[in-house]
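The structure under discussion appears below in the form of structure tokens.
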Amino acid sequence: MIKVLTGNEAAAYGALLCKPEVVCAYPITPQSRIPEQIAEFYAQGIMGGKFVNVESEMAALGYVTGAALSGVRVFTATSSQGLAWMHEGLHWAAGSRLPIVMVNVNRPMGAPWNLTCDQTDSLSQRDTGWMQFYCESNQEIIDTVIQAYRISESLCIPAMVCMDGVYLSYLSETMDIPEQIQVDEYLPPYRPEHKIPGGGYKLYDKSPSFSEPLGSDFMRDRYNLHELESQCVQTAVDSDEAFFRTFGRRYPPVEEYKSRAADVVVVISGSAAGTCRYVVDCMREEGYSVGMVKIRMFRPFPKELLRQALAGKNKIAVIERDISVGQCGIFYQEIKWAMSGFKETGQIYGFIAGLGGADITSGLIRDAIMSTINSPSPDRDVYWLGLDI
């Protein structure tokens with residue numbers, strides 16, 4: 001079915017198709033339309049289960065955490081300050097191995113107050129144990145929500161599906177809504193493996209052993225979680241291949257675009273990837289050897305896939321909508337780590353753009369590429385695009 005939907009509505013339709021038994025989300029700009037649309041689905045009688053109104057984002061995550069512990073499929077959504085308020089619960093959900101799917105609409109963290117877009121809100125939660133996926137288009141949003149449930153429930157790891165605020169959340173695009181029968185084939189009903197006597201299910205139950213030295217049980221638990229997270233990238237790849245066979249669309253964790261024979265490659269994520277493709281096409285016609293690599297999956301970081309994509313490239317320009325204040329861009333930092341010691345690594349340049357909803361224009365992307373081409377080596381960790389500095 002073809003419809004024209006905003007990114008927020010695409011996320012809501014994705015939840016509808018996945019049939020969660022409990023949905024709980026608190027409105028916050030620019031995410032509010034997601035719970036509003038889902039509330040309409042319930043009012044119209046086309047969505048089953050239970051939709052719960054609560055008083056805050058912290059309560060929303062707490063409610064779906066409790067529901068997930070009972071062994072049912074759940075959904076929630078938030079943005080920015082709301083995600084920050086959930087911080088404690090994010091750790092709890094991952095530590096409890098709960099396959100919660102949450103959509104986060106990327107918005108800056110105040111102060112100063114801002115209601116538009118950058119990705120620092122979700123990236124600042126990178127160590128909570130949640131998988132993170134960054135979407136380029138509204139079609140990718142609905143498809144990623146569906147994929148996220150399959151990946152999360154196969155591993156018992158929560159997933160955060162991220163979209164750029166305003167650029168995706170408020171803007172409408174023509175998109176193909178998958179048929180319910182196809183989604184049911186791709187995503188069967190969720191039933192945890194472990195049943196509780198008397199009915200219901202449990203996902204994770206581990207009592208500390210007091211015969212062991214203090215802390216050793218917790219360390220073993222974190223070791224097991226770390227090992228489980230290491231399976232996420234391959235599970236995402238396998239789930240994406242299965243999605244392609246069913247729906248004919250593919251979203252790899254690391255996507256290459258005209259980068260195989262390129263000397264200079266731009267690494268980017270989110271809605272700006274489409275603009276970057278246009279710039280790459282234009283500069284290719286002018287004779288420049290440039291390409292693009294889009295990072296869709298940020299957590300766990302797809303190190304090996306990124307190494308394959310960037311091997312042999314002379315120069316790498318990372319353009320991102322975030323900043324680790326006093327340090328550098330977060331994607332840049334992760335890429336430097338991933339490529340450290342890799343013998344085929346080229347020089348890596350870090351560009352910050354689009355903070356607070358500023359446009360990442362084709363001109364800015366071209367400026368970053370030309371600066372990378374013309375500079376013999378990077379002389380700093382942060383280059384600011386769009387500022388007179």
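Structure notes:
- Checked against the criterion of being within 20 Å of the chain's Cα centre (by Cα), assigned to a strand (DSSP E or B), buried (at least 21 other Cβ atoms within 10 Å of the Cβ) and not charged (D, E, K, R), the candidates Ile319, Ile335, Ile360 yield just one match: Ile319.
- Any hit, the stretch 304-312, residues being over 23 Å from the mean Cα position of the chain (by Cα), outside any helix (DSSP H, G or I) and surrounded by fewer than 22 Cβ atoms within 10 Å (Cβ to Cβ): yes
- In the stretch 330-342, the residues that are touching a helix residue (DSSP H, G or I) at 6+ places or on another chain (Cβ under 9 Å) and not charged (D, E, K, R): Ile330, Phe331, Ile335, Trp337, Ala338, Met339, Phe342
- Scan the stretch 337-362 for residues that are small (Gly, Ala, Ser) and under 20 Å from Leu168 (Cβ atoms) and the total you get is 6.
- Screening Ala272 with (1) modelled with pLDDT under 95; (2) under 21 Å from the mean Cα position of the chain (by Cα); (3) of a type in the set (A, V, I, L, M, F, W, C) gives one miss only, at (1).
- Filter result for Ala94 (assigned to a helix (DSSP H, G or I), assigned by TED's automatic domain parsing to the domain that holds Glu173, among the aliphatic types (A, V, I, L, M) and touching a Pro at 6+ places or on another chain (Cβ under 6 Å)): yes
- Filter pass, Glu140 being surrounded by fewer than 24 Cβ atoms within 10 Å (Cβ to Cβ) and charged (D, E, K, R): no
- When the criteria are applied in full, Tyr63 meets the requirement of being buried (at least 19 other Cβ atoms within 10 Å of the Cβ) and either in a helix (DSSP H, G or I) or among the basic types (Lys, Arg) (or both).
- The stretch 221-267: number of residues that are in the same structural domain as Arg277 (by TED's automatic domain parsing) and of a type in the set (S, T, N, Q): 1
- Test: residue in the stretch 322-332 that is without any contact (Cβ under 8 Å) to a residue 40 or more places away in the chain and among the β-branched types (Val, Ile, Thr): yes
- Number of the exception - Phe301 against (1) part of a helix (DSSP H, G or I); (2) under 16 Å from Val254 (Cβ atoms); (3) touching a helix residue (DSSP H, G or I) at 6+ places or on another chain (Cβ under 8 Å): (1)
- Of Tyr204, Tyr190, all but one fail to be outside any helix (DSSP H, G or I), modelled with pLDDT under 90 and in contact with a Lys or Arg (Cβ under 7 Å, 6 or more places away or on another chain); the exception is Tyr204.
- The residue pairs whose first member lies in the stretch 148-161 and is over 15 Å from Val72 (Cα atoms) and among the β-branched types (Val, Ile, Thr), whose second member is part of a helix (DSSP H, G or I) and modelled with pLDDT of 95 or more, and whose beta carbons are closer than 6 Å, counting only pairs six or more residues apart or on different chains, are Ile151/Thr235; Ile151/Ala236; Ile151/Ser239; Val161/Thr144; Val161/Val145; Val161/Ala148.
- Candidates Tyr26, Tyr42, filtered to the one that is part of a helix (DSSP H, G or I) and at pLDDT 95 or above: Tyr42
- Per the listing Gly291, Gly354, Gly341, Gly326, the residue uniquely surrounded by 14 or more Cβ atoms within 10 Å (Cβ to Cβ) and on the phi > 0 side of the Ramachandran plot is Gly354.
The values are calculated or read from the model by the stated rules, or taken from the named source; none is laboratory data. Everything numeric here is computed off the predicted structure, so don't read it as measured data. Positions of Cβ are generated from backbone atoms using ideal geometry, with glycine treated the same way; all protein chains shown enter the neighbour counts.
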